[in-house]
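Throughout, read-outs are computed from the coordinates displayed, never taken from laboratory work. Because the structure is a prediction, the values reported are computed rather than measured. As a convention, Cβ positions derive from the backbone with ideal geometry for all residues, glycine included, and neighbour counts pool all protein chains shown.
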Protein chains: 2
Amino acid sequence: MQDKTFLMIPGPTPVPESILLAMAKHPIGHRSSEFSNILKEVYADLKWLFQTKNDVFIFTASGTGAMEAALANLVNQGDKVLSLIIGNFGARWANIAQSRGAVVEKLETELGEVITPEDLKEKLAQDAKKEIKIVTLTHSETSTGAKNDVKALCKIIKDHGAISVVDGVTSVGAMEIKMDEWGIDVLVSGSQKGFMIPPGLAFLAASKKAWEIHEKCLYPSFYFDWKAHKKAFLEDTTPWTPAVNLVFALHEALKIMKKEGLENIFARHKKIALGLRKAIRALGLELFVKDDENASYAITSILPPKGISVPDIRNGFKNDFDIVVANGQNQLKDKIFRMGTLGFISERDLITAVGSLEAVLLKLGYEFEIGSGVKQVIN
Amino acid sequence: MQDKTFLMIPGPTPVPESILLAMAKHPIGHRSSEFSNILKEVYADLKWLFQTKNDVFIFTASGTGAMEAALANLVNQGDKVLSLIIGNFGARWANIAQSRGAVVEKLETELGEVITPEDLKEKLAQDAKKEIKIVTLTHSETSTGAKNDVKALCKIIKDHGAISVVDGVTSVGAMEIKMDEWGIDVLVSGSQKGFMIPPGLAFLAASKKAWEIHEKCLYPSFYFDWKAHKKAFLEDTTPWTPAVNLVFALHEALKIMKKEGLENIFARHKKIALGLRKAIRALGLELFVKDDENASYAITSILPPKGISVPDIRNGFKNDFDIVVANGQNQLKDKIFRMGTLGFISERDLITAVGSLEAVLLKLGYEFEIGSGVKQVIN
């Protein structure tokens with residue numbers, strides 16, 4: 001059956017009909033007062049979403065573009081950067097820092113684990129000369145489904161004196177993240193996640209302290225230049241031609257999000273992710289991130305039962321139910337499958353997901369008490 | 001009346017209904033075989049459009065992003081770059097080169113003029129030590145409506161030994177431009193122009209010689225990295241999450257363009273632009289680019305008649321006919337108005353434009369023979 005695909009990957013995520021229709025509107029001039037009026041509302045709503053008084057810039061780019069937009073406005077050659085790495089997206093920070101000529105130190109964990117405050121304290125204590133200027137970290141690590149305690153980690157970074165640069169690509173709009181209250185210096189995100197719109201827009205906000213480091217950056221990116229974006233932000237415009245139709249989509253999405261309210265959005269994601277984890281455990285399957293405390297509410301990584309392969313499970317979902325779930329990335333390929341539960345997703349979808357998973361496992365010969373997963377999520 | 005706006009600005013340009021609807025489709029996974037199949041066709045069609053055997057990369061970015069993607073993969077600090085500047089977009093190349101630490105020389109003309117082959121020969125002859133590695137230029141200069149003779153200029157650049165880096169943002173898909181035959185080393189473009197789709201995608205192709213310079217680039221941009229894009233191109237994918245829905249739009253647009261054929265597309269733009277210029281002259285108005293030979297077929301800059309202001313003309317278009325025409329930029333603000341005739345535009349639109357212009361001028365008290373403009377375009 002056509003057009004019945006349901007995306008349970010960590011992005012793109014399902015998009016509400018009203019957003020699809022907003023996006024299909026004919027573009028208008030990006031220098032018109034009509035478009036400025038839209039941007040004015042969008043900029044205000046983005047500050048609300050980021051829980052910040054800082055300006056939130058819009059880039060026409062994917063999340064990786066926003067990550068470059070962070071470090072390409074901060075790093076000079078030879079600068080020391082510490083990258084906290086709990087998976088591929090944490091490693092991407094290190095790669096981007098290196099591409100700018102930084103000397104990168106890494107604090108890495110086993111996949112599925114998170115950086116503990118103790119580990120970070122110890123690492124930063126070794127930096128007696130305070131050479132580390134920037135610490136990069138990931139909130140929700142999409143490749144493993146683990147979640148760093150950004151609040152605690154940023155506090156430690158602040159105490160050291162470095163600035164924190166946080167990947168909130170799969171967390172903003174899905175999980176509690178408070179830029180100002182938690183003392184995050186640079187926060188980036190992308191559109192195809194909690195924002196419920198298709199990929200193509202990315203976001204960045206920077207603290208006063210981050211701006212001070214930016215002032216010393218010798219060769220900031222032209223396209224992602226903070227100063228050009230700041231000037232445009234204050235005039236309700238963008239420095240370059242933005243993806244106008246995606247801004248229409250964003251405008252609509254932010255209205256929907258404000259109507260639901262941040263607390264409700266976060267509670268919904270938490271309830272669905274923890275419900276999924278309960279069901280997975282009831283079915284006798286193993287979660288890649290063991291502890292609920294360390295689990296992302298955006299994406300859940302699951303090990304296949306013994307004797308059943310990840311491709312078999314993914315094919316079962318796709319062929320029988322037109323549900324797309326993700327494979328593991330790189331060294332986790334075929335070791336885990338990942339179910340995204342972020343953005344435009346409800347408890348009804350959770351029942352669908354768990355029921356379908358049971359049907360897929362049953363067909364593949366896995367032995368379990370039928371209904372034991374669904375029971376967890378309808379109770 | 002709602003939804004009746006007609007864009008005659010140099011981007012965003014009008015978008016066909018089938019493209020708007022393609023864009024409104026629910027996104028699919030960007031790592032799925034369905035999406036790879038789309039990209040495979042799109043990549044092949046982009047080579048056809050660029051008239052090149054080189055790979056053509058897609059960036060989720062605006063045209064300025066593609067310009068950065070060119071120089072951020074070529075320039076090292078201290079490299080000498082020559083920028084041919086006939087307007088704002090030519091100057092942007094120089095700004096981007098400087099942002100990468102290049103030593104920039106400029107060859108500038110009066111606004112409305114173009115770089116002559118003689119001027120360039122003379123300039124490059126002064127570079128006896130062959131220190132200039134890169135020459136940047138603009139095909140269709142959106143800020144003035146002038147058109148450089150890219151074919152002749154690139155020949156001279158090749159003879160010198162430098163590489164040519166060409167802004168084809170408003171020319172690719174609107175005006176004849178042959179990457180391989182003309183010896184263009186790097187060609188960039190953007191989606192909201194001749195491509196007939198909304199802004200948000202940008203394109204770049206590079207010659208073997210450009211790749212050799214890229215190999216020596218110490219700190220290429222991570223987001224725009226050519227190597228990452230090359231690897232992905234060969235696997236019918238993209239290195240980062242692309243703007244999936246804009247790729248749907250592009251897929252549809254390229255089908256429409258192939259159906260019309262390159263020669264027909266170029267002939268249509270030429271006929272409409274030259275028709276507009278004839279009408280403007282017949283109405284007694286002055287064209288900013290005097291010589292048809294030097295005129296872009298994408299955008300036409302016009303001086304208002306004495307005693308009538310540019311804002312009055314733009315308001316007349318907007319209020320009476322819901323047509324958006326552009327003001328001049330920077331020092332040309334209120335000195336010229338610019339009418340875009342690129343992408344999804346037909347001879348019917350030309351009649352509309354000229355007839356509306358006559359009505360606007362009449363209402364503003366300009367004295368002319370009514371119908372003398374329209375007469376030129378219906379003959």
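Brief remarks follow.
- A Cα-only calculation for segment B:109-233 places Rg and Dmax at 15.2, 45 Å.
- Between helix A:244-260 and chain A: long-axis angle, C-alpha atoms, 0 to 90°, nearest 10: 70 degrees
- Among A:ARG100, A:ARG348, A:ARG92, residue whose mean-square fluctuation peaks in a GNM of chain A (springs only between Cα atoms under 10 Å): A:ARG348
- For chain B, built as a Gaussian network whose Cα springs stay under 10 Å, the top-fluctuating residue of B:SER83, B:SER301, B:SER62: B:SER62
- Angle between chain B longest axis and helix B:33-50 axis [Cα atoms, degrees, rounded to 10]: 70 degrees
- Diagonalising the gyration tensor over the Cα atoms of segment A:21-142 and scaling each eigenvalue by 5 before taking the square root yields semi-axes of 35, 16, 14 Å, largest first.
- Taking 0.36 nm per residue of separation and subtracting the Cα-Cα distance, full extension of the segment from B:GLU17 to B:ASN379 would add 127.4 nm.
- In this Cβ point-charge picture (+1 for Lys and Arg, -1 for Asp and Glu), chain A has a dipole of about 340 debye about its Cα centre.
- Computed from phi, the 3J(HN,Hα) profile of segment B:102-111 under the Karplus parametrisation 6.51, -1.76, 1.60 (θ = phi - 60°) reads 6, 8, 9, 9, 10, 10, 10, 10, 4, 5 Hz, with x in place of Gly and Pro.
- Cα→Cβ-extended label distance, 7 Å offset, between A:ASP180 and A:SER36, nm: 2.6 nm
- When A:SER309 is represented by a point 7 angstrom out along its Cα-to-C-beta vector, the spacings to that point in the other copies are 7.2 nm, nearest first.
- Links that overshoot a 25 Å alpha carbon limit, given the list A:LYS121/A:LYS271; A:LYS53/A:LYS227; B:LYS208/B:LYS258; A:LYS158/A:LYS278: A:LYS121/A:LYS271; B:LYS208/B:LYS258; A:LYS158/A:LYS278
- Over 20 Å [Cα-Cα, segment A:187-302], rounded percent: 60 percent
- The value of relative contact order for segment B:17-259, using C-alpha pairs under 8 Å at least six residues apart, is 29 percent.
- For GluC sites (Glu not before Pro), the sites in segment A:201-268 that DSSP calls loop and that have at most 13 other Cβ atoms within 10 Å are A:GLU235.
- Whole-Hz ³J(HN,Hα) from phi, Karplus 6.51 cos²θ - 1.76 cosθ + 1.60, for segment B:283-298, glycine and proline x: 7, x, 8, 9, 8, 5, 9, 5, 8, 4, 4, 9, 8, 5, 8, 9
- Shielding by partners for peptide B:21-33, expressed as the average number of C-beta atoms from other protein chains within 10 Å of each residue's C-beta, is 6.
- Here's how it looks for B:THR144: its modeled amide H is under 5 Å from none belonging to a residue 5 or more places away or on a different chain.
- Each 10 Å bin from zero up to the one holding the largest Cα-Cα distance in chain A carries the following percent of pairs: 5, 24, 31, 24, 12, 3, 0.
- Helix axis angle, B:310-321 relative to chain B longest principal axis, alpha carbon, degrees: 80 degrees
- Percent of beta bridges antiparallel (DSSP, segment B:17-259, rounded to nearest 5): 40 percent
- Beta bridges by DSSP in the protein assembly as shown, antiparallel share as percent, to the nearest 5: 50 percent
- Between B:LYS129 and A:LYS227, the simple spin-label model (points 7 angstrom out along Cα→Cβ) gives 2.9 nm.
- For segment A:34-81, trypsin sites (Lys or Arg not before Pro) are listed when DSSP marks them as loop and at most 16 other Cβ atoms sit within 10 Å of their Cβ; the list is A:LYS53.
- Directionally averaged projected area (convex hull, Cα atoms, the protein assembly as shown), nm²: 32.5 nm²
- Distance in nm between pseudo-label sites at A:LYS255 and B:LYS106 (7 Å out along the Cβ direction from Cα): 4.4 nm
- Look at A:THR109, A:THR238, B:THR60, A:THR13 and count the other Cβ atoms within 10 Å of each Cβ; fewest to most, that gives A:THR109, A:THR238, A:THR13, B:THR60.
- Two-site FRET efficiency, B:LYS318 against A:LYS4, from Cβ-Cβ distance with R₀ of 35 Å, rounded to 0.05: 0.20
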